[in-house]
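The values are calculated or read from the model by the stated rules, or taken from the named source; none is laboratory data. Note that the structure is predicted; figures quoted are calculated from it, not measured. In this analysis, Cβ positions are derived from the backbone assuming ideal geometry, glycine residues included, and neighbour counts consider all displayed protein chains. Surface accessibility is based on the protein's heavy atoms, side chains included, excluding ligands, DNA and RNA. Shrake-Rupley method; radii C 1.70, N 1.55, O 1.52, S 1.80 Å.
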Amino acid sequence: MKVVISGFYGLGNTGDEAILEAIVDNLKEELPDPEITVFSLSPNKTAETHQVKSVYRGWRHDFKGKVRALKEADLLISGGGGLLQDTYPTKFLFGPLPYYLLIVFLAKLCGTKVMFFSQGIGPVNSLWGKILMKIFANMADFVTVRDQFSKDLLHKLGVNRPESKVTADIVFAFKKKEDDACMKSLPLRGDEKILAVSVRPWFQHTAHYEEIAKALDELIEQDGVTPVFVPMEGHHDVRASNHVLEQMKHKEHCHVLGPDFSPNQYLNFIAECEITIGLRLHSLIFSALVAVPHIGISYDKKVESLLKRSGMWEYSFQLEELDGQKLVENARMVLSKRAVLSSRIEEQAFKMREDAMENIDLLKKHFLK
(Lines give C-alpha, C1' and ligand atoms only; values in the text may rest on other atoms or scores of the structure.)
Protein backbone atom coordinates (compact mmCIF):
# COMPACT_ATOMS: atom_id res chain seq x y z
CA MET A 1 0.00 0.00 0.00
CA LYS A 2 1.29 3.46 -0.94
CA VAL A 3 0.46 6.22 1.54
CA VAL A 4 1.13 9.97 1.53
CA ILE A 5 1.01 11.77 4.90
CA SER A 6 0.23 15.49 5.02
CA GLY A 7 0.61 17.53 8.20
CA PHE A 8 2.63 20.15 10.06
CA TYR A 9 5.88 18.24 9.65
CA GLY A 10 9.48 19.34 9.38
CA LEU A 11 8.99 22.57 11.33
CA GLY A 12 10.33 21.47 14.72
CA ASN A 13 7.04 21.18 16.62
CA THR A 14 7.46 18.28 19.07
CA GLY A 15 3.75 17.45 19.14
CA ASP A 16 3.46 17.23 15.38
CA GLU A 17 6.70 15.27 15.06
CA ALA A 18 5.36 12.86 17.70
CA ILE A 19 2.18 12.49 15.62
CA LEU A 20 4.24 11.67 12.54
CA GLU A 21 6.42 9.16 14.40
CA ALA A 22 3.35 7.44 15.84
CA ILE A 23 1.66 7.23 12.43
CA VAL A 24 4.75 5.94 10.64
CA ASP A 25 5.71 3.39 13.31
CA ASN A 26 2.20 1.96 13.46
CA LEU A 27 1.73 1.87 9.69
CA LYS A 28 4.99 -0.03 9.34
CA GLU A 29 3.90 -2.48 12.03
CA GLU A 30 0.30 -2.96 10.90
CA LEU A 31 0.48 -2.79 7.09
CA PRO A 32 2.29 -5.24 4.78
CA ASP A 33 5.31 -3.40 3.33
CA PRO A 34 3.82 0.09 3.17
CA GLU A 35 5.46 2.72 0.94
CA ILE A 36 5.23 5.99 2.87
CA THR A 37 5.81 9.51 1.56
CA VAL A 38 5.64 12.51 3.91
CA PHE A 39 5.05 16.11 2.85
CA SER A 40 7.55 18.02 5.01
CA LEU A 41 9.20 21.42 5.21
CA SER A 42 12.48 19.56 5.92
CA PRO A 43 12.19 16.59 3.55
CA ASN A 44 15.78 15.36 3.88
CA LYS A 45 15.63 15.32 7.68
CA THR A 46 12.17 13.71 7.70
CA ALA A 47 13.27 11.01 5.26
CA GLU A 48 16.38 10.21 7.31
CA THR A 49 14.63 10.26 10.70
CA HIS A 50 11.71 8.02 9.74
CA GLN A 51 13.16 6.00 6.84
CA VAL A 52 10.45 7.17 4.46
CA LYS A 53 10.28 9.14 1.24
CA SER A 54 9.67 12.84 1.67
CA VAL A 55 8.64 15.73 -0.59
CA TYR A 56 8.81 19.44 0.16
CA ARG A 57 5.39 20.48 1.45
CA GLY A 58 5.24 24.14 0.32
CA TRP A 59 3.56 25.17 -2.92
CA ARG A 60 6.52 27.10 -4.30
CA HIS A 61 8.85 24.13 -4.70
CA ASP A 62 8.50 20.66 -6.19
CA PHE A 63 4.82 20.87 -7.09
CA LYS A 64 5.40 18.09 -9.60
CA GLY A 65 6.83 15.93 -6.82
CA LYS A 66 3.67 16.35 -4.76
CA VAL A 67 1.43 15.54 -7.74
CA ARG A 68 3.54 12.50 -8.62
CA ALA A 69 3.40 11.20 -5.05
CA LEU A 70 -0.37 11.65 -4.86
CA LYS A 71 -0.97 10.04 -8.26
CA GLU A 72 1.00 6.97 -7.20
CA ALA A 73 -0.60 6.75 -3.74
CA ASP A 74 -3.53 4.61 -2.67
CA LEU A 75 -4.33 6.97 0.22
CA LEU A 76 -3.66 10.47 1.51
CA ILE A 77 -3.59 10.64 5.31
CA SER A 78 -4.35 14.22 6.33
CA GLY A 79 -3.33 14.53 9.95
CA GLY A 80 -3.28 14.15 12.71
CA GLY A 81 -3.26 17.17 14.95
CA GLY A 82 -5.09 20.48 14.70
CA LEU A 83 -4.67 21.16 11.00
CA LEU A 84 -8.15 22.37 10.12
CA GLN A 85 -8.48 25.64 12.02
CA ASP A 86 -8.38 29.37 11.34
CA THR A 87 -6.88 30.58 14.62
CA TYR A 88 -4.02 31.71 12.43
CA PRO A 89 -5.12 34.12 9.66
CA THR A 90 -6.89 32.60 6.67
CA LYS A 91 -6.59 34.81 3.61
CA PHE A 92 -8.08 33.28 0.46
CA LEU A 93 -5.56 30.49 -0.27
CA PHE A 94 -3.03 31.38 2.44
CA GLY A 95 -3.03 29.93 5.94
CA PRO A 96 -3.19 26.43 7.44
CA LEU A 97 -6.84 25.74 6.63
CA PRO A 98 -6.65 26.45 2.86
CA TYR A 99 -3.31 24.65 2.58
CA TYR A 100 -4.45 21.33 4.04
CA LEU A 101 -7.79 21.42 2.24
CA LEU A 102 -6.12 22.16 -1.10
CA ILE A 103 -3.85 19.17 -0.58
CA VAL A 104 -7.04 17.14 -0.15
CA PHE A 105 -8.46 18.65 -3.35
CA LEU A 106 -5.25 17.88 -5.21
CA ALA A 107 -5.37 14.28 -4.00
CA LYS A 108 -8.92 13.89 -5.28
CA LEU A 109 -7.91 15.39 -8.64
CA CYS A 110 -5.19 12.73 -8.75
CA GLY A 111 -7.74 9.98 -8.06
CA THR A 112 -6.44 9.27 -4.56
CA LYS A 113 -8.62 8.44 -1.58
CA VAL A 114 -8.41 10.69 1.50
CA MET A 115 -8.64 9.99 5.23
CA PHE A 116 -8.71 12.76 7.82
CA PHE A 117 -6.73 10.97 10.50
CA SER A 118 -6.96 11.57 14.27
CA GLN A 119 -7.67 15.26 13.72
CA GLY A 120 -8.69 17.96 16.15
CA ILE A 121 -11.04 20.27 14.26
CA GLY A 122 -11.34 24.00 14.81
CA PRO A 123 -11.79 26.64 15.71
CA VAL A 124 -13.24 27.70 12.35
CA ASN A 125 -14.81 31.13 12.83
CA SER A 126 -14.25 33.03 9.58
CA LEU A 127 -16.90 32.93 6.84
CA TRP A 128 -14.27 31.97 4.27
CA GLY A 129 -12.98 29.18 6.49
CA LYS A 130 -16.50 27.79 6.88
CA ILE A 131 -17.03 27.89 3.10
CA LEU A 132 -13.74 26.08 2.46
CA MET A 133 -14.60 23.41 5.02
CA LYS A 134 -18.04 22.76 3.54
CA ILE A 135 -16.65 22.46 0.01
CA PHE A 136 -13.38 20.61 0.46
CA ALA A 137 -13.67 18.67 3.75
CA ASN A 138 -16.71 16.89 2.31
CA MET A 139 -14.37 15.40 -0.31
CA ALA A 140 -12.73 13.11 2.27
CA ASP A 141 -13.58 9.41 2.11
CA PHE A 142 -13.40 8.77 5.85
CA VAL A 143 -12.73 10.84 8.96
CA THR A 144 -11.43 10.08 12.43
CA VAL A 145 -11.27 12.85 15.03
CA ARG A 146 -9.60 12.85 18.43
CA ASP A 147 -12.56 14.19 20.47
CA GLN A 148 -16.34 14.56 20.37
CA PHE A 149 -16.08 18.35 20.13
CA SER A 150 -14.32 17.97 16.76
CA LYS A 151 -17.01 15.65 15.38
CA ASP A 152 -19.78 17.99 16.52
CA LEU A 153 -18.01 20.96 14.93
CA LEU A 154 -17.60 19.12 11.62
CA HIS A 155 -21.33 18.49 11.48
CA LYS A 156 -22.07 22.08 12.48
CA LEU A 157 -19.88 23.23 9.58
CA GLY A 158 -21.86 21.07 7.18
CA VAL A 159 -19.22 18.35 6.77
CA ASN A 160 -21.59 15.38 6.70
CA ARG A 161 -20.70 13.40 3.57
CA PRO A 162 -17.75 11.37 4.88
CA GLU A 163 -18.41 8.95 7.72
CA SER A 164 -16.72 10.19 10.91
CA LYS A 165 -15.61 8.39 14.05
CA VAL A 166 -14.29 9.68 17.41
CA THR A 167 -11.03 7.93 18.36
CA ALA A 168 -8.09 9.54 20.21
CA ASP A 169 -4.91 11.43 19.41
CA ILE A 170 -2.62 9.00 17.58
CA VAL A 171 0.22 9.99 19.95
CA PHE A 172 -1.44 7.71 22.51
CA ALA A 173 -0.17 4.92 20.25
CA PHE A 174 3.40 6.32 20.34
CA LYS A 175 6.04 3.63 20.72
CA LYS A 176 8.39 4.78 23.49
CA LYS A 177 12.06 3.78 23.19
CA GLU A 178 14.41 4.15 26.16
CA ASP A 179 16.58 7.27 25.83
CA ASP A 180 17.93 9.40 28.71
CA ALA A 181 19.59 12.13 26.60
CA CYS A 182 17.48 14.91 28.16
CA MET A 183 18.26 13.89 31.71
CA LYS A 184 21.97 13.53 30.94
CA SER A 185 22.03 17.07 29.53
CA LEU A 186 21.07 18.62 32.90
CA PRO A 187 23.36 19.32 35.89
CA LEU A 188 21.23 17.35 38.36
CA ARG A 189 22.25 15.37 41.45
CA GLY A 190 19.64 12.66 40.89
CA ASP A 191 17.45 13.14 43.95
CA GLU A 192 15.48 16.20 42.77
CA LYS A 193 11.70 16.43 42.77
CA ILE A 194 11.39 17.46 39.13
CA LEU A 195 8.44 19.51 37.91
CA ALA A 196 8.16 19.62 34.11
CA VAL A 197 6.93 22.98 32.78
CA SER A 198 5.68 23.52 29.24
CA VAL A 199 4.79 27.08 28.27
CA ARG A 200 4.07 28.61 24.91
CA PRO A 201 3.26 32.00 23.43
CA TRP A 202 -0.43 32.48 22.72
CA PHE A 203 -1.17 35.64 20.73
CA GLN A 204 -1.68 38.65 23.03
CA HIS A 205 -1.86 36.64 26.27
CA THR A 206 1.07 37.32 28.62
CA ALA A 207 -0.45 37.30 32.14
CA HIS A 208 0.11 33.55 32.47
CA TYR A 209 3.89 34.05 32.52
CA GLU A 210 3.69 36.05 35.77
CA GLU A 211 1.21 33.65 37.41
CA ILE A 212 3.36 30.61 36.59
CA ALA A 213 6.48 32.45 37.82
CA LYS A 214 4.83 33.22 41.18
CA ALA A 215 3.67 29.62 41.56
CA LEU A 216 7.07 28.15 40.74
CA ASP A 217 8.83 30.47 43.19
CA GLU A 218 6.56 29.33 46.03
CA LEU A 219 6.86 25.66 45.09
CA ILE A 220 10.66 26.00 45.06
CA GLU A 221 10.69 27.78 48.45
CA GLN A 222 8.14 25.67 50.29
CA ASP A 223 8.07 22.32 48.51
CA GLY A 224 11.62 21.86 47.23
CA VAL A 225 10.72 21.24 43.60
CA THR A 226 13.13 21.65 40.69
CA PRO A 227 11.30 23.12 37.68
CA VAL A 228 12.58 22.07 34.26
CA PHE A 229 11.16 23.81 31.19
CA VAL A 230 10.45 21.54 28.23
CA PRO A 231 10.39 23.59 25.00
CA MET A 232 8.01 21.66 22.75
CA GLU A 233 8.36 24.05 19.81
CA GLY A 234 11.96 25.15 19.59
CA HIS A 235 12.89 28.79 20.05
CA HIS A 236 9.23 29.85 20.43
CA ASP A 237 8.91 27.90 23.68
CA VAL A 238 12.44 28.77 24.82
CA ARG A 239 11.46 32.43 24.54
CA ALA A 240 8.21 31.79 26.43
CA SER A 241 10.16 29.92 29.12
CA ASN A 242 12.49 32.88 29.47
CA HIS A 243 9.50 35.21 29.94
CA VAL A 244 8.60 33.13 33.02
CA LEU A 245 12.17 32.96 34.29
CA GLU A 246 12.60 36.74 33.99
CA GLN A 247 9.83 37.19 36.57
CA MET A 248 11.11 34.63 39.09
CA LYS A 249 13.06 35.23 42.30
CA HIS A 250 14.52 31.70 42.30
CA LYS A 251 15.26 31.13 38.63
CA GLU A 252 18.69 29.74 39.58
CA HIS A 253 16.85 26.60 40.76
CA CYS A 254 15.33 26.08 37.30
CA HIS A 255 16.62 24.49 34.12
CA VAL A 256 15.61 24.75 30.46
CA LEU A 257 16.05 21.71 28.24
CA GLY A 258 17.58 22.24 24.83
CA PRO A 259 15.05 22.76 22.02
CA ASP A 260 16.39 20.11 19.67
CA PHE A 261 15.61 16.85 21.45
CA SER A 262 13.35 14.33 19.73
CA PRO A 263 9.76 13.65 20.83
CA ASN A 264 10.89 10.30 22.22
CA GLN A 265 13.63 11.96 24.28
CA TYR A 266 11.21 14.54 25.73
CA LEU A 267 8.75 11.72 26.51
CA ASN A 268 11.44 9.79 28.39
CA PHE A 269 12.29 12.92 30.38
CA ILE A 270 8.68 13.63 31.37
CA ALA A 271 8.42 10.01 32.53
CA GLU A 272 11.02 10.85 35.24
CA CYS A 273 9.09 13.87 36.58
CA GLU A 274 6.81 14.08 39.60
CA ILE A 275 4.29 16.37 37.91
CA THR A 276 3.79 18.43 34.76
CA ILE A 277 2.37 21.93 34.43
CA GLY A 278 1.68 22.46 30.76
CA LEU A 279 0.11 24.64 28.10
CA ARG A 280 1.26 22.54 25.14
CA LEU A 281 -1.29 19.82 24.44
CA HIS A 282 1.34 17.20 23.73
CA SER A 283 3.23 17.90 26.95
CA LEU A 284 0.01 16.79 28.66
CA ILE A 285 -0.47 13.84 26.31
CA PHE A 286 3.13 12.76 26.98
CA SER A 287 2.43 13.02 30.71
CA ALA A 288 -0.70 10.90 30.40
CA LEU A 289 1.17 8.34 28.30
CA VAL A 290 3.68 7.75 31.10
CA ALA A 291 1.14 8.19 33.94
CA VAL A 292 2.63 11.43 35.28
CA PRO A 293 0.01 13.63 36.99
CA HIS A 294 -0.45 16.89 35.13
CA ILE A 295 -2.04 20.30 35.50
CA GLY A 296 -3.12 21.76 32.20
CA ILE A 297 -3.63 25.39 31.25
CA SER A 298 -6.24 25.33 28.52
CA TYR A 299 -6.09 27.86 25.69
CA ASP A 300 -8.24 25.71 23.38
CA LYS A 301 -11.04 23.13 23.54
CA LYS A 302 -8.60 20.41 22.50
CA VAL A 303 -6.65 20.89 25.77
CA GLU A 304 -9.78 20.82 27.88
CA SER A 305 -11.02 17.69 26.08
CA LEU A 306 -7.75 15.86 26.76
CA LEU A 307 -7.71 16.85 30.44
CA LYS A 308 -11.25 15.60 30.92
CA ARG A 309 -10.32 12.26 29.35
CA SER A 310 -7.15 11.92 31.44
CA GLY A 311 -9.05 12.76 34.63
CA MET A 312 -7.01 15.88 35.47
CA TRP A 313 -9.43 18.65 34.50
CA GLU A 314 -10.47 19.35 38.10
CA TYR A 315 -6.90 20.44 38.89
CA SER A 316 -6.46 22.48 35.70
CA PHE A 317 -7.27 25.99 34.47
CA GLN A 318 -8.60 28.01 31.60
CA LEU A 319 -5.76 30.25 30.41
CA GLU A 320 -7.68 33.46 31.18
CA GLU A 321 -8.48 32.27 34.71
CA LEU A 322 -5.02 31.09 35.75
CA ASP A 323 -4.16 32.18 39.30
CA GLY A 324 -0.69 31.60 40.72
CA GLN A 325 -1.79 30.87 44.28
CA LYS A 326 -4.49 28.44 43.17
CA LEU A 327 -1.92 26.77 40.92
CA VAL A 328 0.31 26.24 43.97
CA GLU A 329 -2.59 24.74 45.92
CA ASN A 330 -3.53 22.40 43.07
CA ALA A 331 0.09 21.34 42.56
CA ARG A 332 0.41 20.46 46.26
CA MET A 333 -2.84 18.51 46.11
CA VAL A 334 -1.66 16.59 43.06
CA LEU A 335 1.71 15.83 44.64
CA SER A 336 0.05 14.61 47.84
CA LYS A 337 -2.13 12.19 45.85
CA ARG A 338 0.43 11.35 43.20
CA ALA A 339 0.26 7.55 43.45
CA VAL A 340 -3.53 7.45 43.27
CA LEU A 341 -3.68 9.94 40.40
CA SER A 342 -0.92 8.15 38.51
CA SER A 343 -2.84 4.89 38.70
CA ARG A 344 -6.03 6.59 37.48
CA ILE A 345 -4.19 8.26 34.58
CA GLU A 346 -2.61 4.96 33.59
CA GLU A 347 -6.07 3.39 33.29
CA GLN A 348 -7.34 6.26 31.15
CA ALA A 349 -4.22 6.24 28.97
CA PHE A 350 -4.69 2.52 28.32
CA LYS A 351 -8.22 3.21 27.04
CA MET A 352 -6.98 6.12 24.93
CA ARG A 353 -4.26 3.93 23.45
CA GLU A 354 -6.93 1.46 22.37
CA ASP A 355 -8.90 4.35 20.85
CA ALA A 356 -5.77 5.67 19.14
CA MET A 357 -5.05 2.27 17.59
CA GLU A 358 -8.59 2.31 16.21
CA ASN A 359 -7.35 4.97 13.76
CA ILE A 360 -5.09 2.31 12.23
CA ASP A 361 -7.78 -0.40 12.37
CA LEU A 362 -10.27 1.85 10.58
CA LEU A 363 -7.68 2.75 7.94
CA LYS A 364 -7.10 -0.95 7.26
CA LYS A 365 -10.83 -1.67 7.17
CA HIS A 366 -11.69 1.10 4.72
CA PHE A 367 -8.61 1.40 2.53
CA LEU A 368 -6.47 -1.74 2.61
CA LYS A 369 -7.00 -3.71 -0.56
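Values as computed for the structure displayed
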read-out: Within the accessible area of the chain (1.4 Å probe), percent carbon and sulfur; value: 50
read-out: Two-site label geometry, K28 and K53: point separation in nm, points 7 Å out along Cα→Cβ; value: 1.7
read-out: Sequence-distant residues sharing a close amide H with T144 (under 5 Å, placed H); value: F116, F117, S118, Q119, K165
read-out: Prolate/oblate/rounded call for segment 286-369, Cα gyration tensor, a/c under 1.5 rounded; value: oblate
read-out: Pairwise centroid distance, computed over Cα atoms, of segment 74-93 with segment 152-208, Å; value: 18
read-out: For segment 270-321: rounded, prolate or oblate by the Cα gyration tensor [a/c cutoff 1.5]; value: prolate
read-out: Accessible area expressed per residue, the chain, with surrounding protein chains retained (probe 1.4 Å, Å²); value: 42
read-out: Cα-based shape type of segment 124-193, given that a ≥ b ≥ c are square roots of the gyration tensor eigenvalues and the cut on a/c is 1.5; value: prolate
read-out: ³J(HN,Hα) computed for each position of segment 64-74 - Karplus, 6.51 cos²θ - 1.76 cosθ + 1.60, integer Hz, glycine/proline x; value: 4, x, 5, 4, 4, 4, 5, 5, 7, 7, 8
read-out: Extension gain (nm, one decimal) between Q204 and E252, 0.36 nm per residue minus Cα-Cα; value: 14.5 nm
read-out: D_trans [Stokes-Einstein, Kirkwood Rh over alpha-carbon pairs] for segment 220-369, 20 °C, 1.002 mPa s, µm² s⁻¹; value: 130
read-out: Nitroxide proxy distance, nm - points 7 Å out along Cα→Cβ at A339 and K365; value: 4.1
read-out: Long-range tail of P(r) for segment 1-115 (Cα pairs > 25 Å, %); value: 14
read-out: Over 21 Å (Cα to Cα) - which of K71/K156; K28/K108; K64/K369; K156/K365; K28/K175; K64/K134 fall in this group; value: K71/K156; K28/K108; K64/K369; K156/K365; K64/K134
read-out: Top positive-direction residue, dipole computed over the chain with Cβ charges, set I103, L279, I297; value: I103
read-out: Label-reachable residues, segment 286-321, where backbone N falls under 20 Å from a point 7 Å from H243's Cα toward its Cβ; value: 295-304, 317-321
read-out: Among Q348, S316, S336 the positive-end extreme of the charge dipole of segment 313-355 (Cβ point charges); value: S336
read-out: Gain upon complete extension [R332, K71; 0.36 nm per residue less C-alpha separation]; value: 88.4 nm
read-out: Helix-only CD estimate at 222 nm, as mean residue ellipticity for the chain, using -39500 (n - 2.57) per DSSP H run (n ≥ 4); value: -14500 deg cm²/dmol
read-out: Förster radius 51 Å - calculated FRET efficiency between Q325 and K2, Cβ distance, rounded to 0.05; value: 0.40
read-out: Rh by Kirkwood over Cα pairs, then Stokes-Einstein D for segment 56-123 at 1.002 mPa s and 20 °C, µm²/s; value: 171
read-out: Distance between modelled label sites at D179 and N125, nm, 7 Å Cα→Cβ extension; value: 3.7
read-out: At 1.306 mPa s and 10 °C, Stokes diffusion of the chain via Kirkwood alpha-carbon radius, µm² per second; value: 76
read-out: S42-K91 FRET efficiency (beta carbon distance; Förster radius 35 Å; 0.05 resolution); value: 0.90
read-out: 13 Å reach of a label modelled at E354, 7 Å along Cα-to-Cβ, counting backbone N of segment 93-136; value: none
